[in-house]
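Read through the structure below, which is laid out as structure tokens, and then see the notes.
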Amino acid sequence: GDSVTQMEGPVTLSEEAFLTINCTYTATGYPSLFWYVQYPGEGLQLLLKATKADDKGSNKGFEATYRKETTSFHLEKGSVQVSDSAVYFCALSGIGANNLFFGTGTRLTVIP
Amino acid sequence: KAGVTQTPRYLIKTRGQQVTLSCSPISGHRSVSWYQQTPGQGLQFLFEYFSETQRNKGNFPGRFSGRQFSNSRSEMNVSTLELGDSALYLCASSEDRFFATQYFGPGTRLTVL
């Protein structure tokens, strides 16, 4: 079945460091891929998405590229800020499906 | 547009009781999905409703049920609560089209004592 494997955390970085959170997936067909972020005490917010191979999603300095050949969707940011501290979830959904399969989440803490 | 709203935000119940959670989707969204988030199991899909019909279902026991009203608002019900049902229950709404994004509400934190 469909599944997402996400880099285990927690991850602690200094402000302005480079961030990579790895995400790989297993799916039939051509899923859509997402990164969601969850701040303390809140629900999930969509960070970025990609719907087909080689698409690059980007938002707020975060980027991820849909790599079909490696079944990956790694999240990157060139310079993290303290305000980026949150839990990040990689997710996928099948075509026409409205159920998301989530990774386990990666907690990021950015220290000044 | 207003976002997805969920009520109540917090609930405390005891084992054996039942509970009903409510979700109001973004205006114009007709698909509503529910998820359970726990530290041990992570985020898991419960079910999806569209046009008052359950369209998709996750792997949860029959104690978990839901419904959707003609205005797309949705409720989920958990009967005979167990300690393991303590979780954050998240509702998400989306348009009904390919590659639609799901937008999440803030969640209802259920604690079962």
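The values are calculated or read from the model by the stated rules, or taken from the named source; none is laboratory data. Values in this document were obtained by computation on a predicted structure and should not be read as measured data. Every residue, glycine among them, receives a Cβ derived from its backbone with ideal geometry; neighbour counts consider all protein chains shown.
Residues in the stretch A:42-63 include at least one that is aliphatic (A, V, I, L, M), at pLDDT below 95 and over 11 Å from the mean Cα position of the chain (by Cα).
For the stretch A:28-47, the set of residues classified as part of a strand (DSSP E or B), closer than 14 Å to A:GLY105 by Cβ and more than 8 Å from chain B (Cβ to nearest Cβ) consists of A:TRP35, A:VAL37, A:GLN38, A:LEU47, listed by residue number. Note on the stretch A:94-112: among residues that are part of a strand (DSSP E or B) and more than 8 Å from every other protein chain (Cβ to nearest Cβ), the one that is nearest to the chain's Cα centre (by Cα) is A:THR106. Of the residues making up the stretch B:28-47, none is among the charged types (D, E, K, R) and in contact with a Lys or Arg (Cβ under 6 Å, 6 or more places away or on another chain). Any residue at all in the stretch A:72-83 that's loosely packed, with under 14 Cβ neighbours inside 10 Å, within 12 Å of chain B (Cβ to nearest Cβ) and not in a strand (DSSP E or B)? So far as the stretch A:72-83 goes, no, none of its residues is loosely packed, with under 14 Cβ neighbours inside 10 Å, within 12 Å of chain B (Cβ to nearest Cβ) and not in a strand (DSSP E or B).
Report, by residue number, each residue of the stretch A:17-34 that is of a type in the set (Phe, Trp, Tyr) and under 12 Å from the mean Cα position of the chain (by Cα). Passing the criteria: A:TYR25, A:PHE34.
The criterion of at least 1 residues that are out of contact with any Phe, Trp or Tyr (no Cβ under 9 Å at 6 or more places or on another chain) is met by the following strands (runs of 3 or more DSSP E) wholly inside the stretch B:36-113: B:42-50, B:53-57, B:87-94, B:108-112. Against the conditions (1) more than 14 Å from chain B (Cβ to nearest Cβ); (2) surrounded by fewer than 17 Cβ atoms within 10 Å (Cβ to Cβ); (3) closer than 30 Å to B:ARG109 by Cα; (4) of a type in the set (Val, Ile, Thr), where does A:THR5 fall short? Just the number, please. All conditions are met except number (1). Taken over the stretch B:64-95, residues that are within 14 Å of chain A (Cβ to nearest Cβ) and more than 16 Å from B:VAL4 (Cα to Cα) amount to 2.
Among the residues of this structure, A:THR26 counts as one that is surrounded by fewer than 16 Cβ atoms within 10 Å (Cβ to Cβ) and out of contact with any Pro (no Cβ under 8 Å at 6 or more places or on another chain).
Kindly check whether there is at least one residue in the stretch B:37-44 that is in contact (Cβ under 8 Å) with a residue 12 or more places away in the chain, of a type in the set (A, V, I, L, M, F, W, C), closer than 26 Å to B:ALA100 by Cβ and surrounded by 14 or more Cβ atoms within 10 Å (Cβ to Cβ). Yes: the stretch B:37-44 contains one or more residues that are in contact (Cβ under 8 Å) with a residue 12 or more places away in the chain, of a type in the set (A, V, I, L, M, F, W, C), closer than 26 Å to B:ALA100 by Cβ and surrounded by 14 or more Cβ atoms within 10 Å (Cβ to Cβ).
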